[in-house]
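Reading through the structure tokens given below for one structure.
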Amino acid sequence: MMRLIKLGIGCTRSNPRLRPNMRQIVRILDGNDKCFMEEGKKEESMKEWRQMNASSLSLIKRIQALGIQ
């Protein structure tokens, strides 16, 4: 179960370069957790995530301020 959660998080990273490719996804689903540890695949920091999603966050805040749900 944790493997699928980690894979889901990895596949939804803001920066496409940090996402696993299809070959890695298949290996992970086959049980090869070493793919998560590959060199050069660093975690996306909260600061990086906010920078990549600043316009979306701004829109969400404006919608919330208007009381639209």
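The values are calculated or read from the model by the stated rules, or taken from the named source; none is laboratory data. Here the structure is a predicted model, which is why all the values come from computation and not from measurement. Here Cβ is always computed from backbone atoms with ideal geometry, including for glycine, and neighbour counts include all displayed protein chains.
Observations on the structure shown:
- One residue stands out among those in the stretch 27-54 that are at pLDDT 85 or above and part of a helix (DSSP H, G or I): the one that is surrounded by the fewest Cβ atoms within 10 Å (Cβ to Cβ), which is Leu29.
- For Ser58, the criteria (1) under 17 Å from the mean Cα position of the chain (by Cα); (2) among the small types (Gly, Ala, Ser); (3) at pLDDT 75 or above hold in every case but one, which is (1).
- The stretch 1-26, residues that are among the basic types (Lys, Arg) and surrounded by 12 or more Cβ atoms within 10 Å (Cβ to Cβ): Arg3, Lys6, Arg13, Arg19
- Search result, residues across the stretch 6-22 that are over 17 Å from Lys47 (Cα atoms) and at pLDDT below 85: Lys6
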